[in-house]
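Report on one structure; see the data block that follows.
Every number here is computed from the coordinates shown, using simple stated rules; none is lab data. Only a predicted model underlies this, so the values are computations on that prediction, with no experimental measurement involved. Reconstructed Cβ throughout: ideal geometry from the backbone, glycine too, with neighbour counts over all protein chains shown.
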Amino acid sequence: METYTYVNIFETKGLEYLLLISFLVLFVVLVRYLRGNADTANRH
Amino acid sequence: MKRRKFLTLAGGAAGAALAGAKAGAAPAVEEPATEFYGVLVDTTRCIGCRACEVACSVEHGNDVPDVEHDGALAELRDTSERQWTVVNRFETERGEMFVKKQCMHCWQPACTAACLTNAMYKTREGPVIWRSGKCMGCRYCMVSCPFDIPKFEYDAWNPKISKCTMCAERLALGQKPACVEACPTDALMFGMKRELMEIARTRIYSHPGRYVRQIYGEHEVGGTGWLYLAAVPFEQLGFRTDLGTTPYPEFTRDFLYGVPVVLFGLPALLLGLNLLAERRTQP
Amino acid sequence: MSAEPLPLDPRPSVPERSFFRFLLGELRPRGKWLTPFNLISIPVILLGVGILVVRFIYGLESVSNLNQAYPWGLWKGFNVITGVAFAGGAYVITFVVYVMRLDKYEPIVRATVLNGLLAYVFYAGALILDLGRPWNIINPVIGNSFGYNSVLFLVAWHFMLYMVAECIEFSPVVAEWAGWRRVRRVLHSLTLGAVIFGITLSTLHQSGLGALFLMAKPKIHPLWYSEFIPILFLASSIPAGLSMVIVEGTLTRRAFREQLIPAGDRAHEEIVLGLAKGACIALFVYYFFKALLFVHEHQWSYLGSPWGWWYLLEVVGLVLVPCVMFAYAVRHRRLGLVRVAAVLTLLGIVMNRLNVSVIAFNWNSPATYHPSWEEYVVSLTVVFAELWVFRWIVRRMPVLRASPAASRGE
């Protein structure tokens with residue numbers, strides 16, 4: 001039997017955008033953390 | 001250096017184009033439109049005599065069940081490589097129901113899309129058949145089928161994939177499938193799917209309390225050749241109702257369509273990166 | 001190429017003797033017979049060959065627990081699908097060395113390409129062993145039956161073309177070994193083209209292996225099924241490949257110590273740390289992709305079940321944890337920790353690939369599958385056989401040690 005109900009396919013979009021922004025921020029943090037070694041080594 | 005670069009680029013592009021031609025989506029071929037045949041299974045008419053099982057096995061040289069004595073209805077069975085259809089009994093709120101299980105002969109079969117040798121093949125009349133000479137036994141059709149129908153002869157050195165063929169050979173001779181022919185109560189009806197849909201709808205509307213208002217196979221997996229009518233919701237009869245209405249080959253469509261894009265774009269991108277990197281390392 | 005003189009190849013240049021006699025000489029076994037590796041691998045290989053004879057006479061059922069609900073088991077799930085992910089180091093390293101011209105990683109590129117080539121050859125072999133009718137594998141090749149609509153068709157063709165590309169990439173090493181100088185120069189000029197071709201093919205078949213499961217939507221547990229499986233497989237093949245290079249590099253440097261120059265150790269440390277950086281970032285991206293899917297597909301509802309715990313073990317324990325480990329180890333130059341993280345990453349990849357193809361496959365069916373002892377033995381046989389070939393090649397060809405051409409400055 002078919003039923004007709006409201007379906008919101010964008011329900012979690014807000015959370016997803018937050019996740020993406022935090023990913024981008026953390027990505028920059030991570031690359032700088034990994035590079036920190038090279039910067040100190042190059043100073044020798 | 002310049003000529004070498006040109007040769008490697010040309011070689012890479014030619015190789016990519018060749019691979020793209022082989023692996024890219026083939027253009028649609030214009031064929032005269034044909035109507036598919038199918039079978040309508042009215043589970044309210046089935047009495048569980050299993051004459052269909054016997055007829056099917058006799059027709060194809062499989063294991064013929066001893067329906068009088070084997071008591072097989074006591075538990076739920078699946079089809080096997082030596083028995084292409086089974087009838088299962090279900091206790092429901094409206095009494096005992098019997099459901100015949102076999103290949104659904106989908107309109108856009110997952111197995112046919114999966115088969116890399118075209119051994120699984122959808123004929124123009126509707127039946128999905130397995131062609132022996134091409135099969136290499138990879139069992140990808142088994143992975144892809146949402147109904148888990150294809151069965152494999154694991155105990156043979158030259159194994160076959162085994163499933164209901166909707167008696168394609170009989171159809172070619174103008175006959176009906178063996179199971180339909182054998183059914184004593186007209187629970188099985190053979191015909192063009194379009195006509196069977198009309199008959200099924202008519203039955204539902206003519207007998208309002210008798211059937212659930214759904215024809216299983218109308219939309220499931222994009223539509224199947226075998227249609228079912230039932231008196232109780234289909235979940236209670238062992239049917240999966242979570243298979244969706246998208247034809248299964250469509251799930252791989254985006255990936256396969258993306259292949260030529262990658263094959264053309266990525267070599268160019270990589271060569272560009274390489275040229276940039278070369279310029280950087282040159283003093 | 002470099003300023004320091006590299007050790008010259010002590011053997012006389014080959015044009016003075018026939019290639020046939022040279023090959024015969026090379027075929028003689030070298031090294032000790034009674035090593036731990038030999039003592040373990042020889043019985044396993046012999047047993048495996050015996051099992052395969054039985055398999056071909058009596059069918060797959062005689063040696064495996066594959067059944068109608070589980071058509072793909074250990075051989076496909078581990079040797080083929082996981083093995084290909086592990087061989088992903090080849091396309092990453094050749095990208096870094098030949099496309100991006102980062103010469104820092106040049107010392108490992110030959111071993112990595114060799115491993116990639118052997119992995120694909122042997123895992124294609126494992127696939128053939130798993131087929132019901134292996135002799136028909138020529139059908140999709142010779143044009144008898146092109147199943148264009150099949151993802152597996154694409155994967156199969158890309159497999160074959162990729163092996164050709166890797167052969168071309170590795171062929172200069174063979175030419176150096178045989179002393180064919182002009183041939184070597186020609187082959188060397190094809191390298192960039194072969195590498196570009198190889199990376200493109202890798203991208204498609206790494207993701208293609210994931211795409212194989214797109215049609216199995218109702219049969220794979222929702223925590224592991226997604227329309228993005230192809231991208232997930234591709235993304236995870238990068239840390240898988242890099243981790244394999246790290247682990248394999250450690251083991252081969254220990255096993256073939258006599259071929260290495262002392263100055264190479266310091267350079268190799270830098271290489272490992274560089275690879276660890278790459279693996280860290282790749283795992284980070286992959287983890288966030290999984291997190292995105294987790295939110296998008298409302299997967300938190302499954303966490304209460306045992307499947308949920310298993311999923312967390314895979315994604316948090318074997319993706320996030322090694323990612324953090326790699327980051328810390330790179331920052332503090334802890335090579336031992338890098339290797340631990342690499343092993344954890346490899347375990348996570350095995351777990352992921354097996355989950356999608358076997359463990360979480362048909363999870364809602366009453367049927368079960370676990371590999372038979374014969375399946376484990378044959379799986380190991382394939383791996384050991386590959387290592388035997390690898391050892392044979394490394395002992396004779398200039399893979400780990402400098403090539404004579406490089407030392408002559410060609």
| How many nm separate the modelled label positions at B:Ala277 and B:Glu250, each set 7 Å beyond the Cα in the direction of the Cβ? | 4.1 nm
| field | segment B:38-104 - percent relative contact order, Cα under 8 Å, separation 6 or more | value | 34 percent
| note | Across C:Lys32, C:Lys76, C:Lys219, the residue with the highest GNM fluctuation in chain C (Cα network, 10 Å cutoff) is C:Lys32
| field | Expected 222 nm ellipticity per residue - DSSP helices of 4 or more, -39500 (n - 2.57), all of the protein assembly as shown, to 500 | value | -17000 deg cm²/dmol
| said: Which of B:Asp254, B:Asp78, B:Asp66 ends up with the largest GNM mean-square fluctuation for chain B, with Cα atoms connected below 10 Å? | reply: B:Asp254
| query | Would you list C:Glu169, B:Glu195 from fewest to most Cβ contacts within 10 Å? | reply | B:Glu195, C:Glu169
| note | Here the cysteines of chain B lacking a cysteine partner under 4.7 Å (Cβ to Cβ) are B:Cys46, B:Cys49, B:Cys56, B:Cys106, B:Cys115, B:Cys135, B:Cys138, B:Cys145, B:Cys167, B:Cys183
| remark: The distance between the Cα centres of segment C:236-298 and segment C:48-68, in whole Å, is 36 Å
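By how many nm would the segment from C:Val174 to C:Ser189 grow when fully extended, if each residue of separation counts as 0.36 nm and the alpha-carbon distance is taken off? Could the numbers behind the result be given before it?
Details: separation 15, 0.36 × 15 = 5.40 nm, distance 1.47 nm.
Here the segment from C:Val174 to C:Ser189 would lengthen by 3.9 nm.
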| Cα long-axis angle, helix B:2-23 against chain B (0 to 90 degrees, to the nearest 10) | 10 degrees
| query | Under the Kirkwood approximation applied to all pairs of distinct alpha-carbon atoms, what is the hydrodynamic radius of the protein assembly as shown in Å? | reply | 28.5 Å
| message | Just to check I understand the Karplus step: with θ = phi - 60° and J = 6.51 cos²θ - 1.76 cosθ + 1.60, what whole-Hz values come out for segment B:110-122, glycine and proline as x? | response | 5, 5, 5, 5, 6, 6, 7, 10, 6, 6, 7, 9, 8
| Any idea what the alpha-carbon Rg over 2.2 N^0.38 Å comes to for chain B? | 1.32
| On average, how many beta carbons from a partner chain sit within 10 Å of the beta carbon of a residue in C:280-293? | 3
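For Cα pairs less than 8 Å apart in space and 6+ apart in sequence, what is the mean separation divided by the residue count of chain C, i.e. the relative contact order in percent? It would help to have the intermediate numbers written out before the result.
On the way: 486 pairs, mean separation 122.3, N = 410.
Answer for chain C is 30 percent.
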| Which FRET efficiency value, to the nearest 0.05, is calculated for C:Tyr328 and C:Arg266 with the Förster distance at 22 angstrom and r the Cβ-Cβ distance? | 0.55
| message | Can you compute the modelled spin-label distance between B:Asp186 and C:Ile57, with each label point 7 Å from Cα toward Cβ, in nm? | response | 5.7 nm
| Of B:Lys163/C:Lys76; A:Lys13/B:Lys122; B:Lys134/C:Lys76; B:Lys176/C:Lys76, pairs whose Cα-Cα distance is over 31 Å | A:Lys13/B:Lys122; B:Lys176/C:Lys76
| Reachable lysines from C:Lys277, Cα under 30 Å, same-chain residues fewer than 8 places away excluded? | C:Lys104, C:Lys290
| field | Kyte-Doolittle at least -0.5, axis length at least 30 Å by Cα - qualifying DSSP helices, chain C | value | C:36-58, C:106-130, C:151-178, C:229-255, C:264-296, C:373-396
| query | Hey, fewest Cβ within 10 Å first, where do C:Arg133, C:Arg396 land in order? | reply | C:Arg396, C:Arg133
| request: Determine the distance separating the Cα centre of segment C:73-100 from the Cα centre of segment B:75-105; give it in Å without decimals. | output: 44 Å
| field | For segment C:125-179, the spread of Cα positions along each principal axis, largest first, Å | value | 43, 22, 17
| said: I need two numbers for chain C: Rg to one decimal and Dmax as a whole number, Cα atoms only, in Å. | reply: 22.1, 73
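By count of other Cβ within 10 Å, fewest leading, how are C:Ile246, C:Ile229, C:Ile271 ordered?
Ranked by crowding around the Cβ, least crowded first: C:Ile271, C:Ile229, C:Ile246.
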| Expressed as cubic angstrom per residue, what is the convex hull volume of the alpha carbon set of segment C:273-332? | 63 Å³
| request: Check each of the chymotrypsin sites (Phe, Trp or Tyr not before Pro) in segment B:103-178 and keep only those in coil by DSSP with at most 13 other C-beta atoms within 10 angstrom; list them in order. | output: none
| query | Other chains near B:95-107: what is the mean number of their Cβ atoms within 10 Å of each residue's Cβ? | reply | 0
| request: Pairs of Cα atoms under 8 Å, at least six residues apart: use those to get the relative contact order of segment B:37-251, whole percent. | output: 28 percent
| note | When chain B is treated as a Gaussian network with springs between alpha carbons less than 10 Å apart, the largest mean-square fluctuation among B:Ala182, B:Ala172, B:Ala230 is found at B:Ala172
